[in-house]
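Only one structure is covered here, and it is reproduced in the block below.
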Amino acid sequence: MSILTISDLHISLRTPDGPRPIVDGIDLVLEKGRIHGLAGESGSGKTITALAILGLLPDSMTASGSITLASDAGATELLGAPRHVLGAIRGRRVAMVFQDPSTSLHPQIAIGRQLTDHMRHHLKLRKDAARPRALELLERVKVPDPEGALKKFPHQFSGGQRQRIAIAVALACDPDVLLADEPTTALDVTVQAGILELLRELVDDSGVSVLLVTHDLGVMSAVADEVTVMRSGVVVESAPREQLFTHPQHEYTKSLLAALPGSALEASPETLVHDLLAAPAAAAPSQEDSP
Amino acid sequence: MTAPVLSTSDLVVEYRGRPVVRAVDRVSLEIGAGEVVALVGESGCGKSSLARAVIGIEKRASGSVTFGALDVPVLGIRRRPRALTGMQMVFQDPNSSLNPRRRVGDQIGDGVRAALARGESGSDPREWLERVGLDTSAAARYPHEFSGGQKQRIAIARSLAARPGMLVADEPISALDASTQTSVAALMRDLCLEAGAGMLFISHDLSVVRRIADRTLVMYRGRIVESGHTETIWQDPIHPYTEALLAAIPVPDGAGRLPDTPDDADRLTWTETIPEALERTAP
């Protein structure tokens, strides 16, 4: 069953020279209880796609197409939905985990309150009812000493623990969909392994669906069930994980894997240098400079 | 190995505070001409402090750094001794290491002038652009007209134009897109070998390091815990930290295998000193 469906999504940036497309007609279906990886290099439009789901696009961008969130009562259209509709969905049915937990958590508010705020707002829980739930969440994400953690502040935790707490905050209201934007990119590889394991466990145990945005194909290979590869605002390939890594269809996916140490299609360093030098590029407009 | 181009002995870098943080703890290393040595480790382990101390832009608490026959002084207010321009650095982010207001050709020209000042042969900046796979017309352009990978290649061209005997590269590929990381790293290796220079290549990405480094140094909490022949370390790590680091890398084979997560008990063993893990040789 699909929980989130994106169809023909277009996002463009208003510029003095007219609209400039950022996302150019993408389709994506997130199935219930699965991890769907959205891969692509910087500037490919993957983060903007995730932001559009929660209506978090900057004012300079306009979107068209459709993003629907399924529920027992029928589907809700998220694109262009009024504020009160999105307000009831954000943090409640669709929650987000960002790249850097030191900026996504509030530095001056104790962990306990950051965890219970959502519950009190969305679920109308009283303080004493929210507390045991907060403890349970911290246990679920394996933060040591949950009791003590409630009273602490973000700076008192390591980067990996902070990201676990950010995931707990996102899970506070038992959402259907978790949008995770590069959740392990800021972490060390030994810490990343723990977060990936946690994501997999959460999905397998609670049936939450995850849209995992990352540029790291190694991470995709470890946890994603389906992978969609984006480039310059369009989807170049979407396939089950194993198929994508062993039998990629599109040339761009093949070139990504060729440059990836340890992949089935890995090219030798000699070939890579040869290809790099064989295409003498004059100045090209920088991809990274796009807003 | 003949006389090393670069060596450090019992190098210590400390940061003031309570308690004093010892970022680099008695590190001794030697890098020869035409040798690529990688320094790997996780954030905060002291990799960048070591690189900066080697090049002289970080104060040393004790220990020495020698480049050729010269003692490397800590950089002061004055211009560094001319002979030391034979040691060049490539930084992580070309957006901040290149001057946005000067043409690419002029900036590579800085390197050429440094080489001339040391009595080395000069060169044309455009020649270096070609060597890194950019069109010669790039010389007249400004850095913002290039993508991140191209900008980093310009920074590499600039440092090589100074005809260095040693290149110190601090995370030179981590700001680049994944599809260009390995190729830029391999290009750096090729160019260094061609020039007969040694390279200290700092990275947290072990899978790329494996492709380009002759020797690898694994750093944890300021100390080198394992060192030696890259492939030997990769195939058969001895130190528990190296083992954990290698096991935590997700393999992009599509098999859906979760990498190994070290637990707290494992982490305690990472500070151990294991003499057999040092100076490992090829089988």
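The values are calculated or read from the model by the stated rules, or taken from the named source; none is laboratory data. Since the structure is predicted, the reported quantities are computational estimates derived from the model, not experimental observations. Glycine gets a Cβ as well: all are built from the backbone with ideal geometry, and neighbour counts include every protein chain shown.
Among the strands (runs of 3 or more DSSP E) contained in the range B:1-64, which hold 3 or more residues that are of a type in the set (Ser, Thr, Tyr) and closer than 18 Å to B:THR230 by Cβ?
No strands (runs of 3 or more DSSP E) qualify here.
For the range B:162-184, what are the residues that are more than 16 Å from the chain's Cα centre (by Cα) and either more than 14 Å from every other protein chain (Cβ to nearest Cβ) or assigned to a loop (DSSP other than H, G, I, E, B) (or both)?
B:ALA162, B:ARG163, B:ASP177, listed by residue number.
For the range B:257-283, name all the residues that are closer than 22 Å to A:ASP188 by Cβ and among the small types (Gly, Ala, Ser).
B:ALA265, B:ALA277, listed by residue number.
Among what's in the range A:204-224 and is in contact with a strand residue (DSSP E or B) (Cβ under 8 Å, 6 or more places away or on another chain) and over 17 Å from B:PRO259 (Cβ atoms), pick the residue that is modelled with the lowest pLDDT.
My answer is A:HIS215.
From the list B:GLU14, B:GLU35, which residue is in contact with a strand residue (DSSP E or B) (Cβ under 8 Å, 6 or more places away or on another chain), within 19 Å of B:ARG215 (Cα to Cα) and in contact (Cβ under 8 Å) with a residue 12 or more places away in the chain?
Among B:GLU14, B:GLU35, only B:GLU35 is in contact with a strand residue (DSSP E or B) (Cβ under 8 Å, 6 or more places away or on another chain), within 19 Å of B:ARG215 (Cα to Cα) and in contact (Cβ under 8 Å) with a residue 12 or more places away in the chain.
Among the residues of the range A:81-105, write down those that are of a type in the set (Gly, Ala, Ser) and in contact (Cβ under 8 Å) with a residue 24 or more places away in the chain.
Those that are of a type in the set (Gly, Ala, Ser) and in contact (Cβ under 8 Å) with a residue 24 or more places away in the chain: A:ALA81, A:ALA88, A:GLY91, A:ALA95, A:SER102, A:SER104.
Between A:ASP174, A:ASP181, A:ASP188, A:ASP145, which is surrounded by fewer than 23 Cβ atoms within 10 Å (Cβ to Cβ) and in contact with a helix residue (DSSP H, G or I) (Cβ under 7 Å, 6 or more places away or on another chain)?
The unique qualifying residue is A:ASP181.
Tell me which residues, restricted to the range B:111-141, are in a helix (DSSP H, G or I), buried (at least 16 other Cβ atoms within 10 Å of the Cβ) and away from chain A (no Cβ under 14 Å).
Selection gives B:GLY111, B:VAL112, B:ALA114, B:ALA115, B:PRO125.
Looking at the range B:103-120, I want the residues that are free of Cβ contacts under 8 Å to residues at least 40 places away in the same chain and have a partner that is buried (at least 20 other Cβ atoms within 10 Å of the Cβ) with Cβ atoms under 6 Å, at least 6 apart or on another chain. Which pairs are those?
B:GLY105/B:PRO125; B:GLY105/B:ALA139
Kindly indicate which of A:PRO285, A:PRO248, A:PRO261 is modelled with pLDDT of 85 or more and either at the interface with chain B (Cβ under 9 Å from one of its Cβ atoms) or assigned to a helix (DSSP H, G or I) (or both).
Within the list A:PRO285, A:PRO248, A:PRO261, the selection yields A:PRO261.
Condition check ((1) within 14 Å of chain B (Cβ to nearest Cβ); (2) within 20 Å of A:SER209 (Cα to Cα); (3) assigned to a helix (DSSP H, G or I)) across all residues:
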site: A:GLU41; (1), (2), (3): yes, no, no
site: A:SER66; (1), (2), (3): no, yes, no
site: A:ARG92; (1), (2), (3): no, yes, no
site: A:SER102; (1), (2), (3): yes, no, yes
site: A:HIS118; (1), (2), (3): no, yes, yes
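List pairs: first in the range B:44-71 and farther than 21 Å from B:ALA197 by Cβ, second basic (Lys, Arg) and part of a helix (DSSP H, G or I), Cβ under 8 Å, 6+ apart or cross-chain?
Taking only residues 6 or more apart or on different chains, the pairs are B:GLU58/B:ARG52.
Within the range B:128-161, restricting attention to residues that are under 20 Å from the mean Cα position of the chain (by Cα) and of a type in the set (Val, Ile, Thr), which residue is farthest from B:CYS192 (Cα to Cα)?
B:ILE154
Can you work out which of the residues in the range B:93-106 that are within 14 Å of chain A (Cβ to nearest Cβ) and surrounded by 19 or more Cβ atoms within 10 Å (Cβ to Cβ) is nearest to B:ARG189 (Cα to Cα)?
Result: B:PRO94.
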